[in-house]
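Read through the structure below, which is laid out as structure tokens, and then see the notes.
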Amino acid sequence: MIYYSLTTRAVNPGNTDSAKKVYAVAQSKETLTLETIAEHISAHNSVFSTGTVLGLLTDAVTCMTEHLENGNLLDMGSLGTFRVTLSGEGADTAEEFTTALIKKANVRWQPSKKIRTSMQNATYRLMPTIELTDEARKTMRGNVN
């Protein structure tokens, strides 16, 4: 189940006179930590304890970081692939280019076909926006004596 709320945005964000439309925005129910995920994996009929799973995940993150920093693409099977992209400024010529023009390295994740298919087949449930939730709380407080 993917939760969403609605928001109104300009069709062309760069133009203040642009028409506005209502769009869905994905909402998160909670933030899961690496420890929480390790507990969940361990609870799925795993022979490994939460601590062992957590250690493996922590080591995987360390290894992934090392490989990405060394210029490797990571094909993590059903998890997907990871690669580094760069953002920064351009130079007029190759001779003028220096690494000082590179502003940031990013990691991009391409989900596997299994994950993409799961997202395509997802169901959706509308959540109230923060504004509606706050308004409902105010109304409920007004009805309480």
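The values are calculated or read from the model by the stated rules, or taken from the named source; none is laboratory data. Computed from a predicted structure; not experimentally measured. Note that each Cβ is placed from the backbone with ideal geometry, even for glycine, and that neighbours are counted across all protein chains shown. We work out accessible area using only protein heavy atoms, side chains counted, and drop any ligands, DNA or RNA first. Shrake-Rupley method; radii C 1.70, N 1.55, O 1.52, S 1.80 Å.
Of the strands (runs of 3 or more DSSP E) that lie entirely inside the stretch 56-133, those containing 2 or more residues that are within 30 Å of Leu6 (Cα to Cα) span 102-110, 124-126.
Can you tell me which residue is surrounded by the fewest Cβ atoms within 10 Å (Cβ to Cβ) among those in the stretch 31-40 that are within 23 Å of Tyr3 (Cβ to Cβ) and aliphatic (A, V, I, L, M)? Only one residue tops the list, namely Leu32.
Residues that are within 24 Å of the chain's Cα centre (by Cα), closer than 24 Å to Lys29 by Cα, at pLDDT below 95 and of a type in the set (Val, Ile, Thr) do occur in the stretch 111-131, at least one of them. Glu30 - would you say it is free of Cβ contacts under 8 Å to residues at least 24 places away in the same chain, in a helix (DSSP H, G or I) and either touching a Ser or Thr at 6+ places or on another chain (Cβ under 8 Å) or of a type outside the set (Val, Ile, Thr) (or both)? Against the criterion (free of Cβ contacts under 8 Å to residues at least 24 places away in the same chain, in a helix (DSSP H, G or I) and either touching a Ser or Thr at 6+ places or on another chain (Cβ under 8 Å) or of a type outside the set (Val, Ile, Thr) (or both)), Glu30 does not qualify.
Scanning the stretch 86-103 for residues being of a type in the set (A, V, I, L, M, F, W, C) and either surrounded by fewer than 10 Cβ atoms within 10 Å (Cβ to Cβ) or closer than 30 Å to Ile37 by Cα (or both) gives a total of 3. Every test in (1) within 18 Å of the chain's Cα centre (by Cα); (2) closer than 18 Å to Gln110 by Cβ; (3) loosely packed, with under 10 Cβ neighbours inside 10 Å is passed by Gly71 save one, and that test is (1). Looking only at the stretch 64-86, residues that are more than 22 Å from Ser118 (Cβ to Cβ) and not aliphatic (A, V, I, L, M) come to 8 in all.
Tell me yes or no: at least one residue of the stretch 64-85 is more than 30 Å from Glu35 (Cβ to Cβ), of a type in the set (A, V, I, L, M, F, W, C) and at pLDDT 95 or above. Looking through the stretch 64-85, none of the residues is more than 30 Å from Glu35 (Cβ to Cβ), of a type in the set (A, V, I, L, M, F, W, C) and at pLDDT 95 or above. Among the residues making up the stretch 53-98, a single one is aromatic (Phe, Trp, Tyr) and free of Cβ contacts under 8 Å to residues at least 12 places away in the same chain: Phe97.
If the condition is being under 30 Å from Val61 (Cβ atoms) and hydroxyl-bearing (Ser, Thr, Tyr), then the stretch 76-107 contributes Ser78, Thr81, Thr85, Ser87, Thr99. Could you list, in sequence order, the residues of the stretch 44-63 that are of a type in the set (A, V, I, L, M, F, W, C) and open to solvent by less than 80 Å² (accessible area, probe 1.4 Å)? Those that are of a type in the set (A, V, I, L, M, F, W, C) and open to solvent by less than 80 Å² (accessible area, probe 1.4 Å): Val53, Leu54, Leu57, Ala60, Val61, Cys63.
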